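All remarks here apply to the structure that follows.
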Amino acid sequence: MKYIIPVIVVLLLSASVSFAESKIDGKSLNNANVQQSMNMALGKGATSNTASTKMKNSEVGKGGMVSNKAVIQKSMNMALGEGATANTGAVTMDGSKVQGKALNNANVKQSMNMALGKGATANTGSITMKDSEVGKGGMVSNKAVIQKSMNMALGKGATANMGSVTMDGSKVQGKVLNNANVKQSMNMALGKGATANTGSITMKDSEVGKGGMVLNKAVIQKSMNMALGKGATSNMGSVTMDGSKVQGKVLNSANVKQSMNMTLGKGATANTGSVTIKNSEVGKGGIVSNKAVIQKSMNMALGQGATANMGSVTMDGSKVQGKVLNNANVKQSMSMALGKGATANTGSVTMKNSEVSTGGMVLNKAVIQKSMNMALGQGATANVGSVTMDGSKVQGKVINNANVKQSMNMALGKGATANVGAITLKDADVSKGALILNKAVIDKSMNMSLGENSEANMGSVTLE
């Protein structure tokens, strides 16, 4: 057996393609087929790649193409050590420029990808871009298929990505597309500050220029995404922006069916079919749109200060000069937040310390049918088809056209608040010429708050 293992490792390393300081004007194709095999890297900063493509300080010229169509079946890829990285059926770009095409069509079946260690990262059927640029006419596309597989990252600050696109310090003037298909699979991140992404796009310190487009059309079926740990975050069929600027389009059209998204830990956050904008700017002409569809699914956040968002848009410390639209469709689903100060949002828009400038618009047209939203805990807040503004400034338009049918919203706990089809303004500034409009429709639904000094608002506008 001691002679067999080294042979397997060599074969698996050759099943991946790596570029360093290269320029590709032609085609680079990785069609590797890996079956019933194991690839492992051990040590601080270790990296393990199976059927993947890695680009560093490289360029894909106009007409050039890098394609990863690897097939991985009944195999395992593992990286162990502080800062370890494990990639299965993935494309990784660092300091690179794409003017042509970078495509990931990997097919992962009944396989496992794992990274263990502080700051560990595990990527399955994903694209990771760091300090990279997608030029005009350039395209980065992820159409990976993941079936009956597991992706796991364990360790403080661990990150697990499945069927996702991650951008850090990158610029997009062309197109970044995520059409990943995740079926009967599990993605998990365990550790303080852990992050688990399934069928999602994550942007940090990045820019989408005029004419640029970032589109998430991931399909997630009968799958589970989980993050466990203090401050943990789990994203399923969602788009997350942090410190980014949008002058083009960022669109989320993810489809989540019969799936579960869960995060456990103090300050934990669970997002399903949602868009989160933090310390970001949507410039004139820029559009951030959420058209996610969530069916027969569950979103849950457990822990003090936990937040659960389903089919919602959340803005924190951001500026809108263009448009932020929420057209999410939530059917027969449940979103729940449990813990002191917990918040559960379904088909809602939440703004904190943000600004909607003249000409800017925030519109909520979410549809919620036969669904339940619940927040349990002292000071808990539950919002369905609502717009909530805290410490924000409005010079443009904030409109709520949510449609709530045969649904239930509940907040339980001392000082709990339950809002259905409502607009709530707290410490907000609505300038002359600005418009706050609530046209929510509520049909055969129930809104309830239980607890001392609790409050329930339905089809209301509250100013505080």
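Couplings 3J(HN,Hα) for segment 284-299, derived from phi with the Karplus relation 6.51 cos²θ - 1.76 cosθ + 1.60 (θ = phi - 60°), are 4, x, x, 9, 10, 10, 10, 10, 5, 10, 10, 10, 6, 10, 10, 10 Hz, where x marks Gly and Pro.
When Cα extents along the principal axes in Å is calculated for this entry, the matching label among (i) 141, 50, 39; (ii) 70, 44, 33; (iii) 78, 57, 41 is (ii). Straight-line cross-link reach from Lys352 at under 13 Å between alpha-carbon atoms covers these aspartates and glutamates, not counting any fewer than eight positions away in the same chain: Asp316, Asp390, Asp427, Asp429.
Relative to the dominant Cα principal axis of the chain, helix 4-14 is inclined by about 70°.
With an 8 Å cut-off on Cα pairs and a minimum separation of 6 or more residues, tell me the relative contact order of segment 4-463 in percent. Write out the running numbers ahead of the final one.
Details: 1956 pairs, mean separation 34.3, N = 460.
Across segment 4-463, relative contact order equals 7 percent.
Step through the table entries Lys143/Lys278; Lys210/Lys432; Lys56/Lys204; Lys62/Lys204, compare each Cα-Cα distance with 24 Å, and write down the pairs that go over it. If you can, show how the numbers build up before the last one.
Numbers: Lys143/Lys278 27 Å; Lys210/Lys432 30 Å; Lys56/Lys204 19 Å; Lys62/Lys204 26 Å.
Over 24 Å apart, Cα to Cα: Lys143/Lys278; Lys210/Lys432; Lys62/Lys204.
What is the local net charge at Ser67, summed over the other residues whose Cβ is closer than 12 Å to its Cβ (Lys, Arg +1; Asp, Glu -1)? Please report the intermediate quantities before stating the final value.
Working: positive: Lys27, Lys69, Lys101, Lys143; negative: none.
Summing Lys/Arg as +1 and Asp/Glu as -1 gives +4.
The alpha carbon centroids of segment 63-98 and segment 345-362 are separated by 37 Å. Taking Cβ atoms as reference points and 9 Å as the exclusive limit, the residues near Gly231 contribute a net charge of +3, counting Lys and Arg as +1 and Asp and Glu as -1.
For the set Lys245/Lys439; Lys130/Lys175; Lys331/Lys426; Lys217/Lys296; Lys101/Lys217; Lys136/Lys397, the pairs lying more than 21 angstrom apart at their alpha carbons are Lys245/Lys439; Lys331/Lys426; Lys136/Lys397. Dividing the helix sum by the residues of the chain, where each DSSP H run of 4 or more adds -39500 (n - 2.57), gives a mean residue ellipticity at 222 nm of -500 deg cm²/dmol. So for the chain, taking the charge dipole from beta-carbon charges (+1 Lys/Arg, -1 Asp/Glu), which of Ser289, Asn453, Gly138 sits furthest toward the positive end? Sorting the options by dipole projection puts first Gly138.
Laboratory data are not the source of any read-out in this text; all were calculated from the coordinates shown. The structure displayed is predicted, hence computed values, not measured ones. With ideal geometry, Cβ positions are generated from the backbone for all residues, glycine too; neighbour counts draw on all protein chains shown.
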